[in-house]
Structure formats: C-alpha cells, structure tokens
Amino acid sequence: MKTVNFGIIGFGTVGSGVVKLFLDNKKEIEKRLNFKLNLKKIADKTKTSKEGVKVPKSMLTTDAYDIINDQEIDIVVELVGGTGIAKKFLLDAIANGKHVVTANKALLAEFGEEIFDACEKKQRMIGFEASVGGVIPIIRSIKENLAGDRIVSVFGIINGTCNYILTRMAEEGKEFDAVLKEAQQKGYAEANPSLDVDGIDAAHKLAILTSLSFGVKVNFDDIYKEGISKLTNTDIKFATDFGYSIKLLGIAKRVENDIEARVHSTLIPKSHPLANVRMENNAIFVKGYASGPILLYGKGAGMMPTASAVMGDIVDIARNIANNCNIPVPNRGFNNTSMKKIKIKDILDIENKFYIRMSVVDKPGVLAAISGILGKRKISIASVIQKGRDENGTGVPLVIVTHETKEKELLKALDEIKKLDFCLKEPLFIRIEDSI
C-alpha cells in the first residue's frame, strides 16, 4: 500500500489542532482512502508536546528544514503565520518539489502571485481552504462547484471579532470600546486589535475571494479598507429604525467591465440572511449567474474548525498524489495564463445609498440648508429621522438616508456641510447595500 507523508511547520493553536484531529480521527480518515496517510514530522520552536496532544519526541524538531528537505515528505503544512519566515518556508518547500497547505491569508493576499507562480512552475498543488472563513468550504466551492458558472458578487462576514463586537453592541446596547475590552479579556480579540477592527484581516480574505471568483490578479493595496471603531450604539439604533442591521462586510462585485473589492461597515436589510449571523460566526453570500444566491455559514476561526479545513486540504492533496493526478484542478480555479492584473474600481467612483449621521444645533432652517447642499450635488434624500439630544447632550442627531450617488459627490457635500456653524461634529456616513 502506498504511503503519503506530511509534515507540519508550526505547532501552535492551529498546528496542535491539526495534529489532534488527525490522531483522533485517523480511523475515519483511513476509511476514505486507499493508501496510508502518515504524519511524519512536526517543527516548532520548542520540542515539546502540546497540552492534550501527545506525540513521540522523535516526531518533533526545532528545524523547519528537517521537513522541507526530507525527501520522504510529500506535503508541507505551513502554520507559522505572518508574511516573513512563513513565506520563505513555503517557497523553499515548493522549490524542493513539495505540495503545500497553508492557512495564511495575509501571505496569500500580499504575496500570492509569487507563491502561485512558484507552484505553477514546479507543478505543485497548494491547499488554502482555511485561509478564508475557517471551516466554511468557500475556496473549494468557488474553484470546483461553481467552475461552470459565472460569479456575479460575493458578500462576506469574514471577521469573527468584528461580528462578535457588532452583535454585542446591537443586542446589549453597549458601546464599541466596552465590548472590545471584554472581547480582549475573553480572547476573542487580540491585545492589538487593529488587524481585525480596522478591516485589514477581512481585506486579506477578500483579496483571495476576489481573485478566485473573477479569475483576476489583485493588488492587496487597491482594496478599500475601513473598520468599525467609529460606530456607536446610536448608529445601530438608527439603522434598526430604518430596517437595517450593520455588519462589517467584504464585498466583491462584477459590475459591467469593472471589479469592486472593498471592506467596510455596511447597512443591510434585516430580512437578509447575513443580517442574522451572530457573534463570532462567519458567512459568505455568493451570487452566480446560473446558481443564484448561495449562503455558506460556519465557524470562521478557532483551533478545531480551522484544523478541519487544513486537514481537508491535506487529504485532498494526498488523494491526488496517491492516484498520480498532478494538479487536477488549477490552484486558483482558472488557467494561470488567463489570469490578468486588474485595477480595482476606486471607492470614490462607486455608487451607493448612504446613511449619514450629523450632530446639529436644534434650530429652524437646518434641514433646509443641508437639503440644499445635497441637492446641489444631485443627491436626493430618501428618509430623515431627527430625535432627542445626542449622547453627550450638545446637539441633536440628524440622520439622513440618501438615494444612490457616487461617493465622491457625497464627500464634497459633507465637506461643505461640516463647515456650517450649526454642524457640531464631523458627519459620519455608512454605505448601504439594498440589492445584496
């Protein structure tokens, strides 16, 4: 019987989860295979077993190159994270003829072209299901299940920390700073949460989804990124009054000849399935030309959900090795030569409906003046709500929902409005997606 060997670089949370899942589930995995799958070696900074995961000392090494240079190892699993040494490990493994698996979304978003080109040159497979959405099988669904369709749009709740914070704010009436502090204490948010709350983590994942969905090469820096730190409970309450929920979304769209790719807080109808995705869960809503809408939902992070996705890639690649099927599906789902670099559409040129919140002096003529400025920019008002004094009692909150307009026209109007003497604070605006 043929044996396919794999080695793991990185024995942290995800790495130990993969080892635990493989050892606990070995008999179930064997039932699915006509060959032997064997974990040969684990590399980590310390040669110690992790709590709850016991492996022989002979399996452990502190040198990643004991795996990368081992001629008997077919698959190298990179679970170090980051874009530094992890990149070198991955590229060196590919250069040595190894197939690879990674959960490293930052590495693929920022250096994906180099990595995928290296795989193409050496005719090696790369599995990266765990890089987006944790256990959600979105990568394989786009690459394989929807290979005969034409994807129109992708909307994703793809950062569990932000979704957890927004859920707590909406359901408990708490403010952002308080919920973030609690999330850090419970381990849902990092001590430095900027990667999550500023939208960078979600943008890494969106870069991967955009490339796979539309068969294009994406420059990560072209993706618009905006987080949730400016949102208040006041915004969540007003959104509810208008019939919306607020979610941090990664959005990728094909609009005629343009590609949109952006991450930001978004008002979506409360009736939409994404509006009901709670706490740290992730969900990705895909629209295909033929398939129509598809929703994939599940745990977006965590030791065992992520380990499940990594282990799925290992088994998939091992099957192909055992059956001599070298890259049966292109690594990104498209022929590499057909993938072209594209320019993401500038956020300023995208048309949206907008939610605008202002703090203004309560006196006659304010709404008329604001309406006049918006009208000059051909921005029409769909709805208006004005309630009692704002959170610190210095003015009244005035909230306007507009019809569709280009963002650059809205920004010009708001720049004029904020200079008026009755406008007490910088206006805040949030984009609305009604046709999601």
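The values are calculated or read from the model by the stated rules, or taken from the named source; none is laboratory data. It should be emphasised that the depicted structure is a prediction, and the values quoted were computed from it without experimental measurement. Heads up, the Cβs are rebuilt from the backbone with ideal geometry, glycines too, and the neighbour counts pull from every protein chain shown. Side chains are part of the model used for accessible areas, which takes the heavy atoms of the whole protein and leaves out ligands, DNA and RNA. Shrake-Rupley method; radii C 1.70, N 1.55, O 1.52, S 1.80 Å.
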- Those residues that are small (Gly, Ala, Ser), surrounded by fewer than 17 Cβ atoms within 10 Å (Cβ to Cβ) and either touching a residue at least 12 places away in the same chain (Cβ under 8 Å) or within 17 Å of residue 79 (Cα to Cα) (or both), I need them from the stretch 50-64; list them, please. 52
- Query: From the list 129, 120, which one is within 25 Å of residue 222 (Cβ to Cβ), touching a residue at least 40 places away in the same chain (Cβ under 8 Å) and touching a Lys or Arg at 6+ places or on another chain (Cβ under 8 Å)?
  - Reply: 129
- Note on the stretch 301-324: residues under 20 Å from the mean Cα position of the chain (by Cα) and in a loop (DSSP other than H, G, I, E, B) are 301, 302
- Message: Please verify whether residue 141 is open to solvent by 10 Å² or more (accessible area, probe 1.4 Å), closer than 15 Å to residue 208 by Cα and touching a residue at least 24 places away in the same chain (Cβ under 8 Å), treating the condition exactly as stated.
- Response: yes
- Considering only the stretch 107-136, state which residues are among the aliphatic types (A, V, I, L, M), open to solvent by less than 20 Å² (accessible area, probe 1.4 Å) and farther than 19 Å from residue 73 by Cα. 107, 108, 109, 115, 130, 132, 136
- Task: Please list, ordered by first then second residue, the pairs with beta carbon atoms under 9 Å, 6 or more apart or interchain, first in the stretch 177-189 and open to solvent by 60 Å² or more (accessible area, probe 1.4 Å), second of a type in the set (S, T, N, Q) and modelled with pLDDT of 90 or more.
- Result: 177/229; 188/161
- Query: Is it fair to say residue 6 is within 32 Å of the chain's Cα centre (by Cα), within 18 Å of residue 321 (Cβ to Cβ) and in a helix (DSSP H, G or I)?
  - Reply: no
- Can you pull out the residues in the stretch 283-300 that are farther than 12 Å from residue 209 by Cβ and in a strand (DSSP E or B)? 283, 287, 288, 292, 293, 294, 295, 297, 298, 299
- Message: Among the residues of the stretch 280-290, what is the count of those that are open to solvent by less than 50 Å² (accessible area, probe 1.4 Å) and over 11 Å from residue 157 (Cα atoms)?
- Response: 2
- Message: Residues that are within 26 Å of the chain's Cα centre (by Cα), surrounded by fewer than 18 Cβ atoms within 10 Å (Cβ to Cβ) and part of a strand (DSSP E or B): does the stretch 325-348 have at least one?
- Response: yes
- Query: In the list 209, 231, which residue meets the criterion of being at pLDDT 95 or above and surrounded by 24 or more Cβ atoms within 10 Å (Cβ to Cβ)?
  - Reply: 209
- Query: Among the residues of the stretch 396-435, which ones are crowded, with 19+ Cβ neighbours inside 10 Å, in a loop (DSSP other than H, G, I, E, B) and not acidic (Asp, Glu)?
  - Reply: 427
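Residues that are within 16 Å of the chain's Cα centre (by Cα): which helices (runs of 4 or more DSSP H) entirely in the stretch 146-249 hold 2 or more of them? Full working, then the answer.
Values: elements: 160-172, 176-186, 194-197, 200-214, 233-241.
Because the criterion is at least 2 residues that are within 16 Å of the chain's Cα centre (by Cα), the helices (runs of 4 or more DSSP H) in the stretch 146-249 that meet it are 160-172, 194-197, 200-214.
Take the residues in the stretch 250-273 that are outside any strand (DSSP E or B) and at pLDDT 95 or above; name whichever of them is surrounded by the fewest Cβ atoms within 10 Å (Cβ to Cβ). Write out each step before concluding.
At the first step, the residues of the stretch 250-273 found to be outside any strand (DSSP E or B) are 256-257, 270-273.
Cutting the leftovers down to at pLDDT 95 or above gives us 270-273.
Numbers: 270: 13, 271: 10, 272: 19, 273: 13.
Filtering first and then ranking leaves 271.
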